[in-house]
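Right, one structure below, let's go through it.
The values are calculated or read from the model by the stated rules, or taken from the named source; none is laboratory data. Bear in mind the structure is a predicted one, so any value in this text is a computation, not a measurement. A quick note on method: Cβ atoms are made from the backbone with ideal geometry, for glycine too, and the neighbour counts reach across all protein chains shown. SASA here: full protein model, heavy atoms, side chains in, ligands and nucleic acids out. Shrake-Rupley method; radii C 1.70, N 1.55, O 1.52, S 1.80 Å.
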Amino acid sequence: MTTPAAADALKDEIAPTGKLRVAIAISPAGGAFWSTRTETGYAGVPVDLGREMAAQLGVPVEYVAHNNSGQIVDAASKGTWDITFLPKDPEREGRMSFGPIYEVADATYIVKPGSQVTNFQALDQPGIKVAAVNNTTTMRGAIVHLKNAKVTGYQTYDEIFGLLKGGEIDAFALSRDQLNAMAKQIPGTRVLDETFKQTVTAVAVPPNRPQSLAFAEKFLTEAIANGTLRKAYDNNGLKDRPVRTQTK
């Protein structure tokens, strides 16, 4: 049982401003990582999880919006957020502390309307322009995967969506679920069948916050077991998406 003194020490570390500041990335892509703006604030799996975590701590929640996960990582040492839920990779593990993984997604490419590209071999050719969200684990994976095509990072999903729709880029690297949804919005595009990497998404806290990390680990482990994560998926258009977790 947590003592009042221990609870106060945890709150001082995990919510130093008196609020739990949850870093989120905004995009219409949806899924288990991205959040969206609404008329009253924000919606998304990280929004629901952050709200539930703040309720357990007994503090108000505040959302700190960013354009992409790379911006969240860059702010990890600046003291502007307290908890986040984002894709994990070795580069990021050196800059923040991760708890349990709550989402495993397959990364691939969507090609522009009318493209003749049907597989990775045809995509990886000189002169092919591939876009990715800047400074993300998917972008780093695409750069390693493609030896000849040029991978360029852009700050927002919206910008890349427009470039793909207009045929100004040849392909976009992202998770398959999000690309399948995009394909419905841009007629003539194709999501390639192959997978070039698995992206894992996890809860994370800024570096050197051991009590925060312990709380986040306990919270997410319980959220996976007791249906809180499933409910967050269902509330955000992911009723048909199975929860795919894995150990750290």
Open item on the list: Just to confirm my numbers, what's the Cα centroid distance between region 116-135 and region 1-67 in Å?
Closed with: 36 Å
TODO: Starting from the Cα of K88, draw a straight line to each of the aspartates and glutamates and keep only those under 14 Å, dropping any in the same chain fewer than 8 residues away.
DONE: D74, E103, D106
Task: Rounded, prolate or oblate (a/c below 1.5 giving rounded, otherwise prolate when a/b exceeds b/c) for region 196-248 by Cα gyration tensor - done: oblate
TODO: Give the cross-link partners of K147 among the lysines, using a straight C-alpha distance below 18 Å as the criterion and excluding same-chain residues fewer than 8 apart.
DONE: K129, K197
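With charges only on Cβ, +1 for K and R and -1 for D and E, what is the dipole size of region 99-185 about its Cα centre, in debye, rounded to 20?
180 debye
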Task: Between 0 and 90°, nearest 10: helix 45-57 axis offset from the chain longest Cα axis - done: 10 degrees
Open item on the list: Quick one: 3J(HN,Hα) in Hz for region 69-86, Karplus 6.51/-1.76/1.60 with θ = phi - 60°, rounded, Gly and Pro as x.
Closed with: 5, x, 5, 4, 4, 4, 8, 4, 9, 9, x, 9, 9, 10, 8, 8, 9, 7
Task: region 70-90-region 150-183 distance, computed between alpha-carbon centres (Å) - done: 23 Å
- [ ] Can you spot the lysines whose alpha carbon is less than 19 Å from K239's alpha carbon? Ignore those fewer than 8 places along the same chain.
- [x] K184, K231
TODO: Mind putting together the pair-distance distribution for the chain? All Cα pairs, 10 Å bins, whole percent per bin, short to long.
DONE: 7, 32, 34, 18, 7, 2, 0
Open item on the list: How large is the Kirkwood hydrodynamic radius of region 147-248, counting all unique pairs of alpha carbons, in Å?
Closed with: 16.8 Å
Task: Positive dipole terminus of region 96-248, leading residue within T137, I160, L192 (C-beta point charges) - done: T137
Open item on the list: Need one value: the accessible area of E91 in square angstrom, 1.4 angstrom probe, rounded to the nearest 10.
Closed with: 80 Å²
TODO: Treat each spin label as a single point 7 Å out from the Cα along the C-beta direction, and report the I224 to E168 distance in nm.
DONE: 4.1 nm
Task: CD proxy at 222 nm, helix term only [per DSSP H run n ≥ 4: -39500 (n - 2.57); per residue of the chain; nearest 500] - done: -10500 deg cm²/dmol
- [ ] Quick one: dipole size for region 40-154, taken about the Cα centre, charges +1 on Lys/Arg Cβ and -1 on Asp/Glu Cβ, in debye to the nearest 20.
- [x] 500 debye
TODO: Give me the angle, in degrees from 0 to 90, between the Cα long axis of helix 210-226 and the longest principal axis of the Cα atoms of the chain, rounded to the nearest 10.
DONE: 70 degrees
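Would you mind putting 169-176, 11-18 in packing order, based on average other-beta-carbon counts within 10 Å, highest first?
Put in order of decreasing packing, that is 169-176, 11-18.
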